[in-house]
Every structure is written in structure tokens, then in C-alpha cells.
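The values are calculated or read from the model by the stated rules, or taken from the named source; none is laboratory data. Predicted model, so just to flag it, every value in this text is computed and none were measured. Cβ: placed from backbone, ideal geometry, glycine included. Neighbour counts: every protein chain shown.
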Amino acid sequence: MTVRQRTFSGIKPTGVAHLGNYLGAMKRWVDEQDLHENIYCVVDLHGMTEPFDPATFLEERRRLFATLLAVGLDPARCILFVQSHVPEHAELCWVLNCVTPIGWLQRMTQFKDKSLRQRDREMISAGLLDYPVLMAADILLYDARLVPVGDDQKQHVELTRDIAMRFNRLFGETFVIPEPVIQEAGARIMGLDDPTKKMSKSDDASNRSIFLTDDPDVIRRKVMRAATDSGREVCLDETRPGIHNLVTIYHLVTQESIADIERRYEGQGYGTFKRDLGDAIVAQLEPIQRRFREFEGDPAMLDREMRRGAERAREVAGPVMERVRRVTGLA
Ligand code: TYM
């Protein structure tokens with residue numbers, strides 16, 4: 001008998017979710033919905049760490065919530081909620097801030113990358129530096145053991161472990177020590193225009209990423225134009241990052257084994273393969289897009305599910321926060 005373990009993961013509501021988010025995270029959350037005790041979160045507070053537009057922020061959050069329902073997360077089988085609806089996240093983040101050395105945060109790759117991208121260095125927010133501490137609070141607040149993420153979040157989950165262990169040393173056993181769960185294929189879906197950069201939500205990514213809301217024609221066009229080398233062989237070859245990425249996507253979307261894919265396209269060149277891949281992605285996203293449109297048009301249902309999700313999340317988070325208040329002498 002497998003023991004059901006508590007699982008926590010999150011996704012930011014800024015920008016539109018893309019195929020990397022779907023294959024690296026969401027799809028697995030759905031596939032493993034009955035395997036563990038799962039808690040999933042739309043992390044809107046994380047979305048504020050870089051410049052954001054208050055006029056569209058609420059809408060983006062709602063849209064992502066609808067997307068998560070559309071890909072197949074079922075509130076009857078998991079807890080799905082919005083981070084800011086559970087105030088314990090910000091409270092625990094503060095407590096953890098006070099035991100986290102700044103040096104640990106300054107070493108984070110994502111902080112270094114994101115702050116380099118910001119034109120005015122003086123304006124890099126404290127929130128951006130603190131991002132991983134809030135993430136640690138998200139995870140530790142639910143006694144989560146497993147944290148399924150893409151490769152880019154591994155360092156943050158490892159930092160969460162360090163923070164939890166330091167806290168436990170200082171105040172006594174309080175937190176479960178979590179671990180990152182990173183799948184082999186799909187941990188890092190790369191950009192279609194440039195397979196050395198990961199698929200991402202950023203503005204310059206329109207040809208880099210397939211967004212979950214892209215029209216079928218746009219999806220097919222992006223796949224046909226995807227950067228590949230001058231070879232012809234469809235295979236999973238690390239030294240040819242373009243075709244490696246496309247074969248990985250094909251494998252994840254169709255669930256076909258790599259060996260079967262390689263055999264099927266032997267001697268056929270990239271053209272046929274890309275056409276079929278475009279069709280496969282369209283076929284996978286079509287029902288998701290249909291459900292998304294339906295859910296997006298029902299804001300009352302979305303608000304109701306968000307409220308319910310937050311109530312259930314607080315039932316778990318409340319006692320853990322109470323434990324933290326007790327051991328730190330806050331209560
Ligand atoms: P976010 O919103 O950037 O991404 C959500 C999930 O998608 C994964 N991902 C990818 N996987 C494969 N290939 C890609 N190109 C790709 N791009 C993104 C991410 O690894 C992630 O799993 N900090 C997190 C959100 C977060 C969180 C948490 C996650 C906040 N608190 C607690 C886990 C636990 C983030 O920015 O995800």
C-alpha cells in the first residue's frame with residue numbers, strides 16, 4: 001500500500017500559463033491527483049514581486065484559477081486556493097525572514113537573473129529578494145513532504161529545507177522537511193525559438209512559448225517554425241537541443257515512448273514530425289481551452305471555489321501557524 005503524502009505546489013498568476021507550466025507542473029498535478037493529499041495554490045503575492053498592473057491583477061488571478069480547473073484539477077480531490085486568501089502565508093513569511101540569513105537569498109540564481117533584467121538596479125524590490133522565503137512559508141505551512149516543481153524551482157525548495165532545518169534547530173521540531181519532486185522528462189521545457197532558453201511567461205516570449213490560450217493555427221505555426229538543427233533524424237539527442245525539446249514535448253503530450261517516436265519518424269525528416277506534433281498539442285489543448293472558456297464565463301463559480309478552497313486551506317494552515325506562534329513565544 002502506498003502512503004498518501006501531503007503535496008504542495010504553486011503557480012504565479014502573472015502572464016498567461018504556457019506549455020512549460022503545463023507539462024512541467026500542472027499536468028502532473030492532475031495525473032497524481034489521487035496519489036497524494038494535494039494542495040495547490042495560485043500564488044498572487046509572489047506575482048507582486050516584479051512590476052505588475054493592479055488594473056488586471058485580479059483578472060489574471062481568476063483566469064489562472066479557471067485554467068487550473070480546466071486542465072483537470074478537481075476541488076473535490078484536492079485543495080485549490082489563492083495565496084492571499086490565507087493570511088497565514090504572509091505571517092509565517094515574516095517569522096521565517098527573521099531566521100533566514102540574507103546571504104542565502106542573495107545566492108539564489110533566480111534572484112540574480114531577475115535582478116539583472118531590471119533596468120534600474122536601485123528599484124529591485126525587497127520582495128524579489130524575499131521571494132523564496134514566502135515560498136518556504138507556502139510549503140511549510142501545510143506540513144508538505146513533496147513539492148512537485150520544474151527544474152527552475154529546485155533551488156528554492158532546497159532553500160526551504162535549509163530554512164526549515166534551521167528553524168527546527170533554533171525552536172525545536174516544528175516543520176516537516178520537504179523535498180523537491182522533479183520529473184525526468186519535462187523538468188525544463190525549452191523555448192521554441194531558442195532551445196537554450198527555457199519557455200517562459202515573459203513579454204519577449206511570444207514565439208518562444210506556446211500559451212495555453214493560443215489558437216490552433218498559432219500553435220501549429222510556432223511548432224513549424226521551431227528552431228532545429230540542419231539534421232534530419234528525430235531522436236532524443238542532448239547535443240541537438242531543438243529536436244531534443246520537441247521530442248520531449250511529443251513524448252509528454254502523447255504519452256508515447258521515446259523509442260516508439262524515434263522508430264515512427266525514422267527517415268522522415270523534421271517536417272512530418274513537426275506537423276504531427278502541432279496536431280498533437282492542439283488536440284491536447286482543445287478540450288482544456290473549451291472548459292477554460294466555460295469557467296471563465298462563470299466568475300460567481302470561480303469566486304465560490306476560491307472561497308471554499310481558502311477555507312479548507314486555513315483548516316490545515318491555522319494549526320501549523322499556531323504551532324509556530326507557540327514555539328517562538330508569540331503566543
Ligand atoms: P511559476 O509560476 O514560474 O511556474 C509554475 C510551475 O511551472 C514550472 N515551469 C516549468 N516547467 C518546465 N519547463 C518550463 N519551461 C517551466 N517554466 C515553469 C515551474 O518550475 C513551476 O513548478 N515560485 C514558483 C511558484 C511557487 C511555488 C510555491 C511552487 C510559489 N510558492 C511553493 C512550489 C511550492 C513559480 O514561480 O512558479
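Consider the range 147-180. How many of its residues are more than 10 Å from the ligand (Cβ to nearest atom), outside any helix (DSSP H, G or I) and touching a strand residue (DSSP E or B) at 6+ places or on another chain (Cβ under 8 Å)?
Initial filter on the range 147-180 (more than 10 Å from the ligand (Cβ to nearest atom)): 155, 158-159, 161-177, 179.
From what is left, the residues that are outside any helix (DSSP H, G or I) are 172-177, 179.
Filter once more, keeping what is touching a strand residue (DSSP E or B) at 6+ places or on another chain (Cβ under 8 Å): 176, 179.
Counting residues in the range 147-180 that are more than 10 Å from the ligand (Cβ to nearest atom), outside any helix (DSSP H, G or I) and touching a strand residue (DSSP E or B) at 6+ places or on another chain (Cβ under 8 Å) gives 2.
Note on the range 204-228: residues that are of a type outside the set (Lys, Arg), surrounded by fewer than 15 Cβ atoms within 10 Å (Cβ to Cβ) and either in contact with a strand residue (DSSP E or B) (Cβ under 8 Å, 6 or more places away or on another chain) or touching a residue at least 12 places away in the same chain (Cβ under 8 Å) (or both) amount to 1.
Looking at the range 191-198, can you tell me whether even one residue there is under 22 Å from Leu68 (Cβ atoms) and either at pLDDT below 95 or aromatic (Phe, Trp, Tyr) (or both)? Full working, then the answer.
We begin by selecting, within the range 191-198, every residue under 22 Å from Leu68 (Cβ atoms); these are 198.
Still in the list and also either at pLDDT below 95 or aromatic (Phe, Trp, Tyr) (or both): 198.
Looking for residues that are under 22 Å from Leu68 (Cβ atoms) and either at pLDDT below 95 or aromatic (Phe, Trp, Tyr) (or both), one finds at least one in the range 191-198, hence yes.
Tell me which residues, restricted to the range 99-127, are among the hydrophobic types (A, V, I, L, M, F, W, C) and either more than 21 Å from Val157 (Cβ to Cβ) or surrounded by 13 or more Cβ atoms within 10 Å (Cβ to Cβ) (or both).
Narrowing the range 99-127 to residues among the hydrophobic types (A, V, I, L, M, F, W, C): 99, 102, 104-105, 108, 111, 116, 123-124, 126.
Passing the criteria: Val99, Trp104, Leu105, Met108, Phe111, Leu116, Met123, Ile124, Ala126.
Of the listed requirements (1) modelled with pLDDT of 95 or more; (2) buried (at least 20 other Cβ atoms within 10 Å of the Cβ); (3) among the aliphatic types (A, V, I, L, M), Ala259 misses just one: (2). Picking from residues in the range 18-47 that are in contact with a Lys or Arg (Cβ under 8 Å, 6 or more places away or on another chain), outside any helix (DSSP H, G or I) and within 8 Å of the ligand (Cβ to nearest atom), the one that is nearest to Leu128 (Cα to Cα) is Val43.
Considered as a group, the residues in the range 266-297 that are acidic (Asp, Glu) and assigned to a helix (DSSP H, G or I) include one that is farthest from the chain's Cα centre (by Cα), and that residue is Asp276.
If you check Glu233 against the conditions, is it within 20 Å of the chain's Cα centre (by Cα), more than 10 Å from the ligand (Cβ to nearest atom) and of a type in the set (Asp, Glu)?
On the way: within 20 Å of the chain's Cα centre (by Cα): no; more than 10 Å from the ligand (Cβ to nearest atom): yes; of a type in the set (Asp, Glu): yes.
Judged against the criteria, Glu233 is not a match.
For the range 101-126, the set of residues classified as assigned to a loop (DSSP other than H, G, I, E, B), more than 15 Å from the ligand (Cβ to nearest atom) and under 24 Å from Met165 (Cβ atoms) consists of Pro101, Arg107, listed by residue number.
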